[in-house]
Amino acid sequence: MLDYDYPDAQGHFGPYGGRFVAETLFKALDELTAAWVHYSRDRAFLDEYAYELKHFVGRPSPIYHAARLSRELGGAQIYLKREDLNHTGAHKINNTIGQAMLARRMGKPRIIAETGAGQHGVASATVAARYGMECVVYMGAEDIERQAPNVYRMKLLGASVVPVHSGSKTLKDALNEALRDWVTHVENTFYIIGTVAGPHPYPAMVRDFQRIIGDECVQQMPEMVGRQPDVVLAAVGGGSNAMGIFYPYIQHEAVRLIGVEAGGEGLASGRHAASLSAGTPGVLHGNRTYLLQDAGGQIIETHSVSAGLDYPGVGPEHAWLKDLGRAEYVAVTDSEALDAFHRLCRTEGIIPALESSHALAQAMNMARDMDPDKILLVNLSGRGDKDIGAIAAREQAMRAAPGGQS
Ligand SMILES: *Cc1c(COP(=O)(O)O)cnc(C)c1O
């Protein structure tokens, strides 16, 4: 058995993680850590969480054998963990339910969140409506323009969406604004972070809410095929769906774990969001991890066709798994992800999220060269309905471009 027990009491995953925030937030983070340690062992809390996942989210999500796709590729068998079938269409709700339940236990009726593409904002607004809580979502003014349908969804669900006009008017500016709100209203406010990043205890706590994905797989795969998969793959933005499916498999040393980052227009182009594949260690969003930064430590602007992967950092546990060699990280380009998107649509009748399409593309590349008795399990983190407008616009632009397809 691999001896893996992280983080330590201060939230360190080896040299990564920790708490790089203003002194004023230490008390709130200590209070949150104590609540999490208590309720993660509290039978009534765990029973209620299981009830919510079953009846509100629709868990367990099935595993599906993509048999037509596998046959067409002519190699290993591809299986999909169907997080796209969850209520709200992705894995994010597993975490927002858990954190909203903690907020209620801690007597905090107001939740705040920050969002880039809007998916975490929608998942937070959903649980706030479910529990009758006030919800304020910070979003860069630029992102509000680009993500109008999600902004409208949040408003339908009763949340206030606050535009952030500072800096580049995107996710990292929204994050700063959310932290400022939290410092000011910490008595009645709970800050829901949407991925395995941020200061301790968030990376470990979000992982523990998302590990349901992997826990189900560890049980479902033997029931379905008589054994565990050879490889588990997941897209990595901040890293929460990947940590969720990887975590229970860390002890299964024969299972390869592969995280797939957004390669954008290619690593050589500099236009990508592959923090682990092309970044260096530094501090962002309250923790130490791999980042895309220049020589002076300034964050570099990222690019990906998939808004959910467009983030210049990554959760600190992935940084540690990379250094330990327990997980491998690769990058897939925009065009490879789009090809995988179309292929899954046509061969299996499933429209995947662009984020998940990155993991699929890597699985398809590997499957071709593997024996048909090998098994690849892909975390299909979300459904692609949210992406079809962007895909249609991109294809129209490519047709219109000089030398484009007609
Ligand atoms: C937000 C999102 C991601 C990326 O976030 P992680 O924290 O890396 O999981 C991936 N897939 C979908 C469908 C998303 O909505």
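Quick note: the coordinates plus some simple rules give every number you see, no bench work behind them. On a predicted model such as this, the values are computed, not experimentally measured, just so you know. Every residue, glycine as well, gets a Cβ built from its backbone with ideal geometry; the counts of neighbours run over all protein chains shown.
Remark: the range 184-200, residue by residue, has Karplus-estimated 3J(HN,Hα) of 6, 10, 4, 4, 10, 10, 10, 9, 8, 8, x, 9, 7, 10, x, x, 3 Hz, where x stands for each Gly or Pro and the curve is 6.51 cos²θ - 1.76 cosθ + 1.60 at θ = phi - 60°.
As a calculated quantity, the FRET efficiency between Gln219 and Ala44 at R0 = 22 Å, using C-beta atoms, amounts to about 0.40. When averaged across all projection directions, what area in nm² does the alpha-carbon convex hull of the range 27-137 cover? Taking the Cα atoms of the range 27-137, their convex hull projects to 9.1 nm² on average. Once you've got the Cα coordinates, tell me which of Lys108/Lys322; Lys54/Lys172; Lys92/Lys155 are over 30 Å apart. From the list (Lys108/Lys322; Lys54/Lys172; Lys92/Lys155), the Cα-Cα distance tops 30 Å for Lys108/Lys322; Lys54/Lys172. Using the alpha-carbon centroid of each, what span in Å lies between the range 344-406 and the range 27-88? Taking the Cα centre of the range 27-88 as reference, the centre of the range 344-406 is 22 Å away. For the range 83-201, the alpha-carbon coordinates run over 36, 36, 26 Å along the three principal axes, in decreasing order. For the range 308-342 and the range 208-244, compute the distance between their C-alpha centroids and round to whole Å. Here the answer is 16 Å between Cα centres.
Note on the range 181-306: along the principal axes its Cα atoms extend 51, 47, 24 Å, ordered by decreasing extent.
Translational diffusion coefficient of the range 1-42 (Stokes-Einstein, Kirkwood radius from Cα pairs, 25 °C, 0.890 mPa s): 206 µm²/s. Backbone N atoms of the range 168-196 closer than 11 Å to the 7 Å Cα→Cβ label point of Arg146 belong to residues 169-172.
Taking one quarter of the surface of the C-alpha convex hull of the chain gives a mean projected area of 19.6 nm².
Compactness of the range 248-406, taken as the C-alpha radius of gyration over 2.2 N^0.38 Å, stands at 1.11.
Placing one equal scatterer on every Cα of the range 169-247 and applying the Debye formula, the log10 ratio I(q)/I(0) at q = 0.13, 0.20, 0.25 Å⁻¹ is -0.53, -0.91, -1.16.
With distances taken between every two different alpha-carbon atoms, the range 353-406 has a Kirkwood hydrodynamic radius of 13.4 Å.
Each helix, a run of at least 4 DSSP H residues, gives -39500 (n - 2.57); summed and divided by the residues of the chain, these come to -13000 deg cm²/dmol at 222 nm.
What the phi angles of the range 216-232 give under the Karplus curve with 6.51, -1.76 and 1.60, with θ = phi - 60°, is a coupling list of 5, 4, 4, 7, 6, 4, x, 5, 8, 10, x, 6, 7, x, 7, 9, 10 Hz, glycine and proline written as x. Which whole-angstrom value gives the distance between the alpha carbon centres of the range 107-135 and the range 174-192? Between the Cα centre of the range 107-135 and that of the range 174-192, the gap is 13 Å.
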